[in-house]
Amino acid sequence: MVTFPTQETKQMAGLAAGERRLHAGSNPGCQVASEAEAGVESKVRVLVAEDTLTNQMLIKLLLERMGFEVAIAIDGAEAVQKALSEHFDLILMDIQMPNVDGYEATRALRQEGLAIPIIAVTANAMPGDDAKCINAGCDYYMSKPVDSVELTVVIFKYLSRESS
């Protein structure tokens, strides 16, 4: 069962985005104090690597309700291609996907030097699966079905690390 975020979690999303803008504005090396001054509206971008259409739709809806911009990759190969060619703030990586699985995709991204948070989201809930995800280079492991409260907390935890 997927539960949707409350107004409080939507406010947390706004605060996280605001903190990122404030951090950029307070950084002496930063040329532009805010996206508004530059005439650009910046949203947190999340790449969702997921092969199942139903899961894609549910996670995308959940993330969009949090105020994020979402891109979908249908397998690990597409996730690697998109992550290396576009800007994302965070990746939600399914582990069991066709062609290139989430382990291999995560290792490839880390080998290329991509340092953004990668959150493993998988139906694998066997003992040791979390360690396999972390060893592959994921920052965190979540099992399916996705709990929207846990997802919200984890996303904001890793986004706040990125902005500090």
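The values are calculated or read from the model by the stated rules, or taken from the named source; none is laboratory data. A quick note: this is a predicted structure, and the numbers were derived from the prediction, not measured. Backbone-built Cβ (ideal geometry, glycine too); neighbour counts: all protein chains shown.
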Looking only at the range 98-111, decide whether some residue is at pLDDT below 95 and not basic (K, R).
yes
Within the range 75-109, residues being more than 18 Å from Y141 (Cα to Cα), surrounded by 17 or more Cβ atoms within 10 Å (Cβ to Cβ) and within 15 Å of the chain's Cα centre (by Cα) number 3
Only strands (runs of 3 or more DSSP E) wholly contained in the range 77-164 count here; list those with 2 or more residues that are more than 15 Å from V44 (Cβ to Cβ) and touching a residue at least 40 places away in the same chain (Cβ under 8 Å).
90-94
